[in-house]
Every structure is written in structure tokens, then in C-alpha cells.
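Where a number appears in this text, it was derived from the coordinates with a stated rule and is not lab data. Note that the structure is a prediction, hence the values are computed from the model and not measured. Cβ placement follows ideal geometry from the backbone for every residue including glycine, while neighbour counts extend to all protein chains displayed.
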Amino acid sequence: MSMFWTEVTLIVIIIVLLYFLFKKNFKPENLAPVVNKTNKDDLGKRVIIEELEDQFFALDKYNLIKYLNKSAKQRFGENLIDKNISSVIRDTKLLETIDEAIKDQSTKNVNVEINLPSYQLYKIYIIPGPTHLFPETDSVVLFLKDFTEITKAQKLKTDFVANVSHELRTPLVSIKGSLETILGPASDDKAAQKKFMSIMSDQVERMENLINDLLILSRIELEEHIKPSNIVNLNDIFTNIKSNFELVLKKKKINLHIDLMEPTLVFGDNEKLLTVFSNLIDNAIKYSSDEKNIHVKSQNSAGKLITKNILISIKDEGIGIPQQLIPRITERFFRVDTEKSKKIGGTGLGLAIMKHIISQHRGDYEIHSKVNKGTEIKIYLPTK
């Protein structure tokens with residue numbers, strides 16, 4: 001949310017700046033920058049507009065383009081002088097709002113969707129003339145601010161809150177129902193009470209896991225710009241992991257084969273890398289049937305990252321992931337099989353956590369999978 005308000009503040013500052021830069025005091029004959037007739041102040045104003053990252057147009061009273069800055073040329077094309085703005089931005093709302101701004105002599109704004117060819121959402125600020133850049137009556141300047149990423153971020157936040165609410169509501173409903181049964185129909189039934197107490201215990205554990213993962217994800221996002229610099233021995237991490245999963249491996253008769261170089265050293269954060277590889281081994285176990293194998297290997301790798309790096313591969317013989325869903329499985333709360341994931345205790349955040357931790361380490365990852373054959377996840381981590 002802080003990013004959103006920073007963007008809004010920046011836009012307000014730029015609009016105020018544009019107003020004072022271009023409002024009536026100076027009247028050049030045309031927009032072409034004639035240096036020998038332009039004082040330093042006016043030249044500075046043109047430089048500011050020309051170098052803006054956002055797009056800027058000056059139009060005459062017929063809505064013909066008389067000036068566009070470098071960013072506008074890069075986005076919409078070079079040869080647009082004397083073209084009607086409607087041929088560049090095909091939106092009737094824009095033309096209507098330009099007319100309103102000229103009529104009311106006040107700044108207006110309008111949201112416009114543009115395909116270039118990808119979808120983009122612009123907020124276009126319309127400032128009526130006369131202005132420094134174009135002194136004619138009924139002229140306007142347009143300032144285009146790309147809100148695509150901000151809108152996406154807002155949607156992600158909205159979806160995230162909705163998903164968290166849903167994920168927490170489900171176990172709470174189950175706990176409430178179990179309590180009502182224990183206090184009502186099963187008040188004298190010890191066996192039923194034990195059954196519903198077990199259900200409540202499972203749901204509390206599910207909520208606890210979800211909250212823990214949310215806290216981990218939140219902390220990682222806050223620290224993602226800080227590159228870890230400690231030397232971490234991955235051999236020690238996987239020795240720890242094998243010990244932690246010993247009981248469940250024995251229960252499912254799954255063989256965990258660890259074949260790492262001695263030593264396998266990377267720059268990183270020991271706790272976070274333990275979280276990544278624990279989540280990956282946990283998934284490999286959960287989504288594999290009994291008596292399967294999980295293979296962990298490491299090798300020196302070249303070319304994937306700019307820096308020297310090591311590849312760690314985790315390959316299972318589980319149920320696999322449909323090819324079309326692989327790009328989405330690192331999204332928060334995305335599950336290939338929602339019911340199965342909830343049944344085995346998944347929060348839907350494990351791979352999202354992995355993605356952010358690997359990003360913080362300036363590493364990379366690949367996911368390869370075939371349905372009913374298994375999944376291989378390759379992690380690339382820098383060694384210097």
C-alpha cells in the first residue's frame with residue numbers, strides 16, 4: 001500500500017510541476033527547441049519533459065499532436081507530429097474529457113485501456129492551455145501515467161486478503177461445528193467427543209501452519225532486497241532434513257537418496273535455505289505414493305546465472321503436475337489438486353516461499369514435471 005501512495009504523491013507533484021512549467025507566462029512561436037532564442041530556464045523545462053519516464057503530448061485545438069516526448073515516441077512511435085491523438089489512443093472517453101477540460105479550463109483525468117499489443121492501463125491527466133509549450137487557445141497537454149503494475153499489485157493484495165480469509169474461515173467453521181456437536185448431541189458420548197476433538201486438533205494445526213507460512217513469506221518479502229552473504233554448507237542442511245523426515249520416510253517406505261558434492265558450499269542464509277529444501281522434500285514425500293524414491297543431487301553449473309553457481313536437483317516419482325499448470329504453481333495459494341492438498345496439510349504457500357527466497361539469494365529455479373511420472377525441481381545458487 002505504501003508503494004501505491006508513493007506513486008500517487010509523485011503524480012500530484014509532476015502535475016503541479018507541469019502546471020507551473022507550462023502555464024501562460026512564456027509564449028514561444030512553436031515547440032521546436034531553438035536554443036539561441038531560449039533562455040536557460042525554458043531549456044531546462046523542455047529537458048525535464050523530454051526525459052520523463054511517463055508519456056507527454058501537446059495538442060492543438062484540433063487535437064493534432066504538436067509535441068511528444070522521448071518516452072511517448074518509444075511507446076507510440078516516432079512519426080506522430082500533426083496526427084490526431086485519436087489515431088494513437090482510440091478511446092472516445094479521452095476525446096470527451098479533453099473537450100470538458102477545455103470547456104471548464106480545469107485539469108481532468110481519465111482511465112484508458114490500451115493494447116500495445118499487451119494490455120496496459122493508463123491514467124491520462126489533461127491540462128488545458130494556453131501553455132508554455134503551446135500557446136494557442138483550446139490547446140491541451142496530456143500526461144500519461146502507466147497504472148498497469150499498480151493495478152496488478154492492488155489486485156494481488158485484494159486476492160491475497162480474500163484467499164487468507166477463506167483459508168482461515170474453513171478450519172474455523174470446522175472447529176465451530178465440532179464444538180457445537182461436543183456441547184450438544186455428543187455431550188454424553190465420549191467416543192464422539194474424542195473424534196471431534198481430533199478434528200479440532202487437525203484444524204488448529206492447519207491454521208498454525210498457515211499463519212507460520214504467512215509470517216515467513218512476509219519476512220522474506222521485507223528482506224528480499226538484502227542479498228545473503230554467509231557461506232552455507234548444503235551437506236549439513238540435507239543431513240538435518242533427512243533426520244527431520246526420518247519417521248515419515250519410514251512410514252511410507254520412501255527412499256531419500258542424497259548425492260551431494262563434498263562440500264557443497266553456497267552464499268546464503270542457512271535458515272531460509274533449510275526452509276526451501278525442507279518444503280521441497282516435504283512436497284516430494286506428500287505427493288508420492290509408498291515405496292518410491294526421491295533423489296537429491298548437486299553439481300557445478302555454468303551459464304544459468306551471471307555468477308558462478310551450483311545446481312541442486314530434487315527429483316521424485318510422485319503424481320506430477322500437468323504441463324499447463326507449471327507456470328502457476330509458485331503463485332500464493334495455488335494448488336494443483338485443492339482437495340488433496342488440504343487433506344495432506346498443504347497451505348499453498350510453500351513454492352511461493354521458495355520463489356522469494358531463491359530471488360533474495362539472486363538464484364534461479366526450474367520446474368520439470370510429467371503427470372504420473374514425477375517432478376524435478378532444479379535450484380541454482382551462487383557460490384561467490
Under a plain spin-label model, where a point goes 7 Å from the Cα along Cα-to-Cβ, how far apart in nm are residue 176 and residue 83? 5.8
How far apart, in nm, are the 7 Å Cα→Cβ label points at residue 153 and residue 242? 4.5
So between residue 168 and residue 61, what do we pick up on full extension, going 0.36 nm a residue minus the alpha carbon distance? 32.8 nm
Estimated inter-spin distance, residue 308 and residue 100, nm [label 7 Å along Cα→Cβ]: 6.3
Report the full-extension gain for the segment residue 230 to residue 188: residue separation times 0.36 nm, less the Cα-Cα distance, to one decimal in nm. 9.3 nm
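Please say if segment 244-294 is rounded, prolate or oblate, where rounded means a/c under 1.5 for a ≥ b ≥ c the square roots of the C-alpha gyration tensor eigenvalues, and otherwise the choice is prolate for a/b larger than b/c and oblate otherwise?
Values: a/c = 2.71, a/b = 1.79, b/c = 1.51.
Prolate shape, in that a/c is at least 1.5 and a/b is the bigger ratio.
Dividing the Cα radius of gyration by the Kirkwood radius, what Rg/Rh value follows for segment 105-243?
Ratio of gyration radius to Kirkwood radius: 1.30.
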